[in-house]
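Inspection log for the structure reproduced underneath, given as structure tokens.
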Amino acid sequence: RQPVVWLKTQFAETNGYFSPDSKWIAYTSDESGRKEVYVQAFAAGAPASGGKWQISTKGGDHVRWRRDGKELFFVSTDQKLMAVAVKANGASFEAGVPQELFDARNLKAVTAAGWTLTGDGQKFLFQISQDEASAAPFTVVLNWAAEMKK
């Protein structure tokens, strides 16, 4: 098949991610004058049409979906990891109020490809720079529950 332009505007739209059911795309746009997170419906082979919902309220980027599609996560402009409950029903989409999960400023390397989360949205993995990694080493202990019983 040939590629099809899905969204073309005068603004910078970046970091798009499909919802788990592939019916929605969450992305970042600077159309408001700063980066904000938006969601629009997606239909294969067709340009963007229908409604658009702004998810972030005070700036945002680097959006991710929870595996069940009921929550979005993004990094705010002040480097807080945010969560938003969402509900898709046919062509309608609802988003709750963004809630701060934790401060990610100390991670310094939060980029579009630099983080991920577990399917249930309860654990997060961040890629950090080598300099930062050598300054604060950590140890991953596997099977720690079994060690506790000894």
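The values are calculated or read from the model by the stated rules, or taken from the named source; none is laboratory data. Keep in mind that what you see is a predicted model, and the values were worked out from it rather than measured. We place every Cβ from the backbone using ideal geometry, glycine too, and count neighbours over all the protein chains shown. These accessible areas exclude ligands, DNA and RNA; they are computed on the full protein's heavy atoms, side chains included. Shrake-Rupley method; radii C 1.70, N 1.55, O 1.52, S 1.80 Å.
Before moving on, here are some points about what is shown:
- Hull volume in cubic angstrom per residue (convex hull over the Cα atoms of the chain): 166
- In this view, the solvent-accessible surface of Phe11, computed with a 1.4 Å probe and all protein chains in place, comes to about 80 Å².
- Residues of type lysines that Lys8 reaches as a straight line, Cα spacing below 18 Å, ignoring anything fewer than 8 places off in the same chain: Lys35, Lys52
- Relative to the Cα centre, the charge distribution of the chain, modelled as +1 at Lys and Arg Cβ and -1 at Asp and Glu Cβ, gives a dipole magnitude of about 300 debye.
- Using a probe of 1.4 angstrom and keeping all protein chains present, the accessible surface of segment 1-80 works out to 57 square angstrom per residue.
- Normalising the average separation of contacting C-alpha pairs (under 8 angstrom, six or more residues apart) by the number of residues puts the relative contact order of the chain at 14 percent.
- The calculated FRET efficiency for Thr118 paired with Lys23, based on their beta-carbon distance and R0 = 22 Å, is about 0.50.
- Computed lengthening from Asn89 to Ala43, 0.36 nm per intervening residue step minus Cα-Cα distance: 15.1 nm
- Multiplying the residue separation of Glu31 and Met148 by 0.36 nm and subtracting their alpha-carbon distance yields 36.8 nm.
- Ordered by 1.4 Å accessible area with all protein chains kept, Arg34, Arg66 run largest first as Arg34, Arg66.
- With all protein chains in place and a 1.4 Å probe, the accessible surface of the chain carries 53 percent carbon and sulfur.
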